[in-house]
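Everything on this sheet refers to the single structure shown next.
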Amino acid sequence: MQKNGGIELNQWNEKLSAPAASLAERQAVGRIALEHKHTYRILTEGGELLGRVSGKFAFEALATSDYPAVGDWVIADVLEAEGKAVIQRVLPRTSSFSRKAAGFTSDEQLIAANADYVFVVSSLNRDFNVRRIERYLVAVADSGAEPVIVLTKADACLNPEHYMEQLKSLGDLPVFVVSALDGTGIEELLALLGPGKTGVFTGSSGVGKSTLVNRLIGDARMDTGGIRESDERGKHTTTHRELILLPNGGAIIDTPGMRELQLAETEDLDASFPDIERLSESCRFRDCRHQAEAGCAARQAVAEGELEEGRLRNYMKMQRELAHVEQRAKQQEKLQEKRMEKRTRKRRKGERYD
Ligand SMILES: Nc1nc2c(ncn2[C@@H]2O[C@H](COP(=O)(O)OP(=O)(O)OP(=O)(O)O)[C@@H](O)[C@H]2O)c(=O)[nH]1
Ligand SMILES: [Mg+2]
Ligand SMILES: [Zn+2]
């Protein structure tokens, strides 16, 4: 049953049936489809609602990631007459795909919650960059979702093999070659996104994420934009993350193209670079930085053509970034502690004069 663009709950996560059964009167389970200025568009069985978090929710939320994100399942009080909702609770996430928030914080920004697949989307043209894909894979690795590589614009590419070849160094990953124009690979993508499954498109601006969403739903629902001729980069057409229901029961989350994906503190390179981690064990020095140290097994593997130099460099670059983010997080923690101490001291002083 789908009414008013409503969502059929029982085909989704089985875990949802429990909270759905214990709902209070005038409460509903819903899924966050969009967020704009702290207002959320929520898909429920009864249709779409606009909602905000309750005062208690806002009071208790400590980090940005405590707030609902696109893809989240929530429990909300429904104010039927107004078509509005007040979000009380976010249900436990099965996955969270995030990045470091912009600026000096070490805060994480949730891109999508409860996705089964993160589709790392790249176009088969000059904008293709295997090292960029490698970086996205690090962010997917600790998300709880499965990474899938999607190569777009197959219709405009004479030699997809040239690009496929470069992906080999990333290990064994599912790769889809698609075209939103002539329909190549669309059925295969849809097959992954059956009832109860959610995917999220991520990748640079202009790679064709929104065009692909439109093709998947067979409707020009998302705005799409052109690309610059000079470098085939996009114009940042999509500005909001949005979850869209697919006719065959799945869901896809479209996201704005990113300039560069910033790694969050929690990220760990081991999972994405098992080859380099393995080599490191044979380096003479335990804390080898694989730069100019004697007896470096990683360098030797590069010299022998067993490891791509670009891959090793990318690994080292991300290692430096993560060290930096971690340091910043520690500094912030200390600052926070000091603030709390000061507050407690002030309060005690106050008490004495009471
Ligand atoms: N030839 C060809 N062009 C495509 C295809 N898919 C998308 N494009 C074109 O690529 C351009 C960018 O497409 P969008 O879908 O807006 O790209 P996007 O990834 O959503 O970009 P942002 O929203 O900025 O992140 C548009 O001009 C599309 O027409 C395709 O399969 N083949
Ligand atoms: Mg877009
Ligand atoms: Zn080494």
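The values are calculated or read from the model by the stated rules, or taken from the named source; none is laboratory data. Predicted, not measured: the structure shown is a model, and the values here were computed from it. Glycine also receives a Cβ, built like all others from the backbone with ideal geometry; neighbour counts cover every protein chain displayed. Only protein heavy atoms, including side chains, enter the accessible area calculation; ligands, DNA and RNA are left aside. Shrake-Rupley method; radii C 1.70, N 1.55, O 1.52, S 1.80 Å.
The table for this structure:
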read-out	value
Filtered residues of region 105-120 (kept if in contact with a Gly (Cβ under 8 Å, 6 or more places away or on another chain) and assigned to a strand (DSSP E or B))	A112, A113, Y117, V118, F119, V120
Residue, farthest from D72 (Cα to Cα), within region 92-102, restricted to residues that are modelled with pLDDT of 90 or more and in a strand (DSSP E or B)	S98
Test: residue in region 52-65 that is more than 17 Å from K197 (Cα to Cα), open to solvent by 60 Å² or more (accessible area, probe 1.4 Å) and of a type in the set (V, I, T)	yes
Any hit, region 286-309, residues being open to solvent by less than 30 Å² (accessible area, probe 1.4 Å) and in contact with a Pro (Cβ under 7 Å, 6 or more places away or on another chain)	no
Verdict on E277 being within 15 Å of ligand 3 (Cβ to nearest atom) and either basic (K, R) or surrounded by 14 or more Cβ atoms within 10 Å (Cβ to Cβ) (or both)	yes
Cβ-Cβ under 6 Å pairs, at least 6 apart or on other chains, region 152-168 side polar (S, T, N, Q), far side more than 9 Å from ligand 1 (Cβ to nearest atom) and open to solvent by less than 30 Å² (accessible area, probe 1.4 Å)	Q166/V130
Subset tally (residues that are part of a strand (DSSP E or B), open to solvent by 20 Å² or more (accessible area, probe 1.4 Å) and away from ligand 2 (no atom under 16 Å from the Cβ)) for region 238-273	1
Residue list for region 224-237, restricted to those being open to solvent by less than 50 Å² (accessible area, probe 1.4 Å), within 7 Å of ligand 1 (Cβ to nearest atom) and over 21 Å from the mean Cα position of the chain (by Cα)	G225, G226
Top-ranked residue in region 103-117 [being within 13 Å of E265 (Cα to Cα) and surrounded by fewer than 19 Cβ atoms within 10 Å (Cβ to Cβ); ranked as modelled with the highest pLDDT]	Q109
Strands (runs of 3 or more DSSP E) fully within region 121-223 counting 1 or more residues that are over 23 Å from R93 (Cβ atoms) and open to solvent by less than 20 Å² (accessible area, probe 1.4 Å)	146-152
Condition check for V130: among the β-branched types (V, I, T) and within 14 Å of the chain's Cα centre (by Cα)	no
Residues of region 113-140 that turn out to be away from ligand 1 (no atom under 11 Å from the Cβ) and under 22 Å from E309 (Cα atoms), as a count	13
Any hit, region 190-203, residues being closer than 22 Å to G71 by Cβ and within 7 Å of ligand 1 (Cβ to nearest atom)	yes
